[in-house]
Amino acid sequence: MPDRYAPDTHHALVLIGGGGHAAVVLDAARLAGWRVDGFYDDNAEAPLSSEAPHLGTIRDITRDLPEYQRPILAIGDLRARLTLLAENVPHELGERFATVVHPRAIIAGNVEIGAGTFVGPGAIVNARARISVDCIINTGAIVEHDCWVRANAHIAPGAVLAGGTQIGRHTLVGVGARTLPMAKIGMWSVVGAGAAVTHDVPDRTVVAGVPAKPVGRSGRRSEDVEHAYRSRAITLHEDPPATQAEGTT
Ligand code: JB2
């Protein structure tokens, strides 16, 4: 793992969320050398409470978070993530979000990985890939060279993005799905588990199967919430400008 993703001794991590995904982030973070101070969740009895201290409800995360603490969103659901990031987490905290990379992920030397992004065990991020802010590159996922994964996207366990693939904001690439090289997948789309993407996928489209075909539309999200989130991502200077694959609807 490149040193740039290793924690330093001046900072401690706090997790937002205390369920299954938080357990994965907690384990990776501790193995990577983070001190983890605990987690925020509205449910004090959340599963993580047996492994880490409960620090408060999600609304308790304020800009008064001690300077040495760095948060990361550890909830899997993309809609919940967007709402929490846009409405519950002060934007001023954005630049303090941690990037957590499992020590046994393989990260090429010349990639970019944004604040708030988690890279899980066994994941591979290859040369010149760009991973924006608040993403999940989950267990064993492969993000090949020159891919571009935009903010708050989730590449689920075992999914493979072939070279040059672009993934839009808030898009889920499901477990074991794969893309052909240079595929463009829009924002708020879903690629079903095991699907093989052979053609570009527009915004807000659900595709499934081999080869992947459209099977539905993903629900329209509140423009206000998206706008609020976008200003956060732009503030972080890590959400690249929209391309043809985005903003077409
Ligand atoms: O708005 C919210 C929310 N606010 C707080 N929506 C959801 N879904 N959960 C919220 N929470 C807290 O996040 C809940 O109180 C709960 O403690 C936690 C979610 O835990 P759960 O185990 O249900 O899901 P997860 O997000 O940790 O894990 C999902 O996503 C992962 C990527 C699961 O589908 C996992 O199987 C998956 N690997």
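The values are calculated or read from the model by the stated rules, or taken from the named source; none is laboratory data. Predicted model, so just to flag it, every value in this text is computed and none were measured. Cβ atoms come from the backbone with ideal geometry, glycine included; neighbour counts cover every protein chain shown.
Just a few scattered comments:
- Total residues in the range 36-77, condition within 29 Å of residue 218 (Cβ to Cβ), in contact with a strand residue (DSSP E or B) (Cβ under 6 Å, 6 or more places away or on another chain) and not in a loop (DSSP other than H, G, I, E, B): 7
- Test result for residue 129, in contact with a strand residue (DSSP E or B) (Cβ under 7 Å, 6 or more places away or on another chain) and within 23 Å of residue 164 (Cβ to Cβ): yes
- Hey, residue 21 away from the ligand (no atom under 12 Å from the Cβ) and of a type outside the set (A, V, I, L, M, F, W, C) or not: no
- Restricting the range 81-122 to residues that are within 16 Å of residue 139 (Cα to Cα) and surrounded by fewer than 16 Cβ atoms within 10 Å (Cβ to Cβ), the residue that is nearest to the ligand (Cβ to nearest atom) is 104.
- Residues satisfying the stated conditions in the range 140-154, i.e. hydrophobic (A, V, I, L, M, F, W, C) and touching a strand residue (DSSP E or B) at 6+ places or on another chain (Cβ under 8 Å): 141, 142, 143, 147, 148, 149, 153
- Looking across the range 1-38, the residues that are at pLDDT 95 or above, surrounded by 15 or more Cβ atoms within 10 Å (Cβ to Cβ) and closer than 15 Å to residue 68 by Cα come down to 12, 13, 14, 15, 34, 36, 37, 38.
Here's the yes/no breakdown for (1) surrounded by fewer than 24 Cβ atoms within 10 Å (Cβ to Cβ); (2) over 26 Å from residue 24 (Cβ atoms); (3) in contact (Cβ under 8 Å) with a residue 60 or more places away in the chain; (4) not assigned by TED's automatic domain parsing to the domain that holds residue 107:
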{"position": "145", "(1), (2), (3), (4)": "yes, no, no, no"}
{"position": "163", "(1), (2), (3), (4)": "yes, yes, no, no"}
{"position": "170", "(1), (2), (3), (4)": "no, no, yes, no"}
{"position": "176", "(1), (2), (3), (4)": "yes, no, no, no"}
{"position": "199", "(1), (2), (3), (4)": "yes, yes, no, no"}
{"position": "223", "(1), (2), (3), (4)": "yes, yes, no, yes"}
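- Enumeration of residues in the range 120-143 that are hydrophobic (A, V, I, L, M, F, W, C) and either assigned by TED's automatic domain parsing to the domain that holds residue 81 or without any contact (Cβ under 8 Å) to a residue 60 or more places away in the chain (or both): 123, 124, 125, 127, 129, 131, 135, 137, 141, 142, 143
- Test: residue in the range 51-68 that is outside the structural domain of residue 125 (by TED's automatic domain parsing), surrounded by 15 or more Cβ atoms within 10 Å (Cβ to Cβ), away from the ligand (no atom under 14 Å from the Cβ) and modelled with pLDDT under 95: yes
- Selection from the range 132-153 of residues that are modelled with pLDDT of 95 or more and of a type in the set (A, V, I, L, M, F, W, C): 135, 136, 137, 141, 142, 143, 147, 148, 149, 153
- The residue that is nearest to residue 78 (Cα to Cα), counting only those in the range 19-45 that are of a type in the set (Gly, Ala, Ser) and touching a His at 6+ places or on another chain (Cβ under 7 Å), is 28.
- Scanning the range 202-215 for residues that are in contact with a Ser or Thr (Cβ under 8 Å, 6 or more places away or on another chain) and either of a type in the set (Val, Ile, Thr) or surrounded by 12 or more Cβ atoms within 10 Å (Cβ to Cβ) (or both) returns 202, 203, 204, 205, 206, 207, 212, 214.
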